[in-house]
Amino acid sequence: MAHQLRSGDGWRVGWNPDAAAFQALLGADDWAVELTQPEFDEFCRLAQQLSTALVEIRPELMAEEAIACEASSDLLWMEVRGLPDAFSLSFILLTGRRAEGSWSAAATPNILRTVQMLRVY
């Protein structure tokens, strides 16, 4: 797969499998961070896990009830917060260089859709 950079209002995702150290880029309008392949793989896995958890929790919630759900590993901590159909996504990189980022509820569906297209799990 060739180098790719996708972006929209409040989000961007890049992928270059041939890069020496950092194969992925995650960002928003005012921040960006590069990730190694294992970090990006974990980001994709945890994002999908959290998204699925919100879908599964939806029947238990009252209308307009907000929720926060988090997941973590040795590489990342992630959280979704909001309504099951409109939630923000945040992460903290737990490796040596430490970084954090977040996307609004408007940008999150685009991030999730784009990372699914780039990486199939």
Quiz prompt | Cα-projected label distance for Phe22 with Ser90, points at 7 Å along beta-carbon direction, nm | solution = 2.2 nm
Practice problem: Note the angle between two axes, namely the Cα long axis of helix 108-118 and the longest principal axis of the Cα atoms of the chain, as a number of degrees from 0 to 90, rounded to the nearest 10. | Solution: 50 degrees
Practice problem: Determine, from the Cβ-Cβ distance of Met117 and Ala68 and an R0 of 22 Å, the FRET efficiency 1/(1 + (r/R0)^6), rounded to the nearest 0.05. | Solution: 0.25
Practice problem: Report the extension gain between Arg97 and Gln4 in nm, rounded to one decimal, defined as 0.36 nm multiplied by the number of residues separating them, less their alpha carbon distance. | Solution: 31.1 nm
Self-check item: Convex hull per residue volume in Å³, alpha carbons only, for segment 41-83
Solution: 52 Å³
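Values quoted throughout were computed directly from the atomic coordinates according to the rules given, and no laboratory measurement underlies them. Model, not experiment: these values are computed from the prediction. Every residue, glycine as well, gets a Cβ built from its backbone with ideal geometry; the counts of neighbours run over all protein chains shown.
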